[in-house]
Amino acid sequence: ADVAYLRSVLPSTTDDAFFDYLATLDASEVTVTAIPEGSVVFARVPFLQVKGPLLVVQLLETTLLCLVNYASLVATNAARFRLLAGPDMKLMEMGLRRAQGPDGALSASKYSYIGGFDCTSNILAGKLYGIPVRGTIAHSFVMSFRCLEEVQPRELPPRAGGDPVDLAALAMSWLQRVCDLLQTPPGKANQGELAAFVSYAVTFPCDFQGLLDTYCVRRSGLPNFCAVALALHQLGYQAIGVRLDSGDLAQQSKEIRGVFRACGAHFQVPWFETIPIAVSNDISEQSLEEFRREGSEIDMIGIGTNLVTCPLQPSLGCVYKLVEVNGSPCLKLTEDEEKMTIPGMKMIYRLYDAAGHPFMDLMALEEEPSPSAGQELGIRVLGRLGETTKVIPSTVEPLHRTYFRDGQVCEPLPSLPEVRTHAQVSLNLLSPAHRRLHEPQPYPV
């Protein structure tokens with residue numbers, strides 16, 4: 001069917017023998033070597049090399065670039081967020097509604113996880129890839145309630161067993177005590193919001209969380225949440241967190257933490273002080289820098305648009321260039337030095353210093369002898385090809401592995417968690433001078 005379609009769109013003068021030839025194409029003659037998925041790769045380093053009949057490897061160009069460009073871009077963007085957030089902050093990918101179509105959304109979930117995110121709100125990505133899934137209640141859920149009379153069912157048995165208790169009535173009694181402590185009028189707390197929290201708590205008593213900013217955080221969301229959480233505590237349950245989705249997130253997180261500490265101390269509920277605080281709302285790299293600069297009590301950050309659409313760099317310019325035909329190296333010459341190709345099939349080596357940090361990637365022709373640790377090497381750095389530099393690596397790591405040969409995958413493919421772990425290890429091995437996001441020291445190739 002594919003050949004028939006090509007026959008319908010190619011010029012009518014195309015030789016019939018060409019279409020017969022297309023039907024004989026065999027991918028088993030292709031060999032693919034690559035740097036392992038999840039590795040840090042620098043500009044101009046070929047992370048994938050394909051050998052085989054010219055037409056076959058030419059046909060693979062668009063597919064391979066499509067598969068690696070967006071994946072690498074999103075994983076890199078996610079890694080930048082992880083570096084800014086630090087190792088202890090929980091990061092949730094929540095860009096499904098803003099991604100470029102369902103395929104882009106699934107790719108974004110998968111490669112954000114590789115880049116260092118902890119979980120996704122994309123349930124299909126969880127099903128297909130085993131990524132941990134997380135989420136919170138929606139503003140529409142909170143807004144759909146008007147009063148406590150709408151809560152059905154409203155009774156909840158204590159966790160240790162016993163007769164069910166009217167959770168709505170219990171929460172109302174706690175609301176008065178919380179408002180007295182916070183010196184805020186109980187009448188300012190929205191009753192529909194309280195009803196939504198109670199309904200959610202009755203359904204998920206071990207996983208209760210609150211969305212605090214539907215109406216007013218200080219006068220409504222926060223006291224309503226505390227009232228329901230303390231009512232649950234009285235029955236033996238423990239709330240798992242809150243989320244903010246608007247306003248000055250860092251400042252609000254500090255105020256909320258202060259209220260949690262006050263409630264924990266006043267009502268003698270120690271775990272209340274450490275209730276996790278999650279935030280969302282168009283979080284960007286600049287947002288994370290502001291959180292760090294101002295200080296915050298944020299435990300989890302949900303990032304969507306600025307993660308999956310990569311606005312700081314909307315595309316990655318990976319290219320696929322011919323470097324050798326029938327044993328003869330090929331060189332593309334152009335007035336734009338960045339677009340000049342580097343001829344010949346290559347081996348790629350990563351050179352490490354005595355501290356264990358990679359300090360240079362070395363490209364050498366396949367037939368050249370492999371460098372070894374402690375050996376003095378004469379190299380020419382891209383961008384400074386007119387001068388030779390001497391380096392002595394403490395460790396040498398060959399980067400390319402053969403993944404496909406004779407029609408078969410010949411290297412065990414790692415699981416997604418293994419790729420994610422490898423990515424984080426690769427990033428952590430970099431020298432801080434190369435890893436910093438602002439004015440990093442250029443990494444030589």
If Tyr403 satisfies every condition in (1) touching a residue at least 60 places away in the same chain (Cβ under 8 Å); (2) in contact with a Gly (Cβ under 6 Å, 6 or more places away or on another chain) but one, which is the exception?
-> (2)
Can you give me the number of residues within region 21-60 that are over 24 Å from Val425 (Cβ atoms), at pLDDT below 95 and of a type in the set (D, E, K, R)?
-> 2
Evaluate region 344-358: report whether one residue or more is without any contact (Cβ under 8 Å) to a residue 12 or more places away in the chain, more than 24 Å from Ser431 (Cα to Cα) and either assigned by the TED database to the domain that holds Pro36 or not in a loop (DSSP other than H, G, I, E, B) (or both).
-> no
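Could you pull out every one of the helices (runs of 4 or more DSSP H) wholly within region 1-104 that has 1 or more residues that are among the aromatic types (Phe, Trp, Tyr)?
Of the helices (runs of 4 or more DSSP H) lying wholly inside region 1-104, those with at least 1 residues that are among the aromatic types (Phe, Trp, Tyr) span 2-9, 16-22, 61-85.
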Residue ID - least open to solvent (accessible area, probe 1.4 Å), chosen from residues in region 125-143 that are outside any helix (DSSP H, G or I) and closer than 25 Å to Leu235 by Cβ = Ile137
Looking only at region 253-271, which residues are within 23 Å of Met92 (Cβ to Cβ) and in contact (Cβ under 8 Å) with a residue 40 or more places away in the chain?
-> Ser253, Lys254, Ile256, Arg257
Scanning region 55-64 residue by residue, the ones that are in contact (Cβ under 8 Å) with a residue 24 or more places away in the chain and either touching a strand residue (DSSP E or B) at 6+ places or on another chain (Cβ under 8 Å) or over 20 Å from Pro343 (Cβ atoms) (or both) total 6
Region 16-54, subset over 26 Å from Leu362 (Cβ atoms), touching a residue at least 12 places away in the same chain (Cβ under 8 Å) and charged (D, E, K, R), residue surrounded by the most Cβ atoms within 10 Å (Cβ to Cβ) | Glu29
Enumeration of residues in region 144-167 that are within 38 Å of the chain's Cα centre (by Cα), closer than 15 Å to Gly192 by Cβ and open to solvent by 60 Å² or more (accessible area, probe 1.4 Å) = Ser144, Arg146
Only one of Gln238, Gln251 that is more than 21 Å from Asp166 (Cα to Cα) and either in the same structural domain as Gly135 (by the TED database) or of a type in the set (Asp, Glu) (or both) | Gln251
Does any residue of region 368-378 turn out to be at pLDDT 95 or above, open to solvent by less than 50 Å² (accessible area, probe 1.4 Å) and of a type in the set (A, V, I, L, M)?
-> yes
Of (1) hydrophobic (A, V, I, L, M, F, W, C); (2) open to solvent by 80 Å² or more (accessible area, probe 1.4 Å); (3) under 22 Å from Lys51 (Cβ atoms), Ile392 satisfies every one except (3)
Tell me, yes or no, whether region 168-177 has at least one residue that is open to solvent by 50 Å² or more (accessible area, probe 1.4 Å), closer than 27 Å to Ile256 by Cα, in the same structural domain as Cys226 (by the TED database) and of a type in the set (A, V, I, L, M, F, W, C).
-> yes
Among Met340, Met345, Met300, the single one that is surrounded by 18 or more Cβ atoms within 10 Å (Cβ to Cβ) and out of contact with any His (no Cβ under 6 Å at 6 or more places or on another chain) is Met300
Mind listing whichever residues of region 230-287 are open to solvent by 10 Å² or more (accessible area, probe 1.4 Å), among the small types (Gly, Ala, Ser) and closer than 20 Å to Gly86 by Cα?
-> Ala278, Ser284, Ser287
A careful count of residues in region 106-124 that are crowded, with 18+ Cβ neighbours inside 10 Å and either hydroxyl-bearing (Ser, Thr, Tyr) or more than 17 Å from Phe81 (Cβ to Cβ) (or both) gives 8
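Determine, yes or no, whether Ala227 is open to solvent by less than 40 Å² (accessible area, probe 1.4 Å), closer than 22 Å to Pro205 by Cα and either part of a strand (DSSP E or B) or touching a residue at least 12 places away in the same chain (Cβ under 8 Å) (or both). Outline the logic, then answer.
Working: open to solvent by less than 40 Å² (accessible area, probe 1.4 Å): yes; closer than 22 Å to Pro205 by Cα: yes; either part of a strand (DSSP E or B) or touching a residue at least 12 places away in the same chain (Cβ under 8 Å) (or both): yes.
It is true that Ala227 is open to solvent by less than 40 Å² (accessible area, probe 1.4 Å), closer than 22 Å to Pro205 by Cα and either part of a strand (DSSP E or B) or touching a residue at least 12 places away in the same chain (Cβ under 8 Å) (or both).
The values are calculated or read from the model by the stated rules, or taken from the named source; none is laboratory data. Source: prediction; values computed, not measured. As a convention, Cβ positions derive from the backbone with ideal geometry for all residues, glycine included, and neighbour counts pool all protein chains shown. Surface areas here come from the heavy atoms of the whole protein model, side chains and all, with no ligands, DNA or RNA. Shrake-Rupley method; radii C 1.70, N 1.55, O 1.52, S 1.80 Å.
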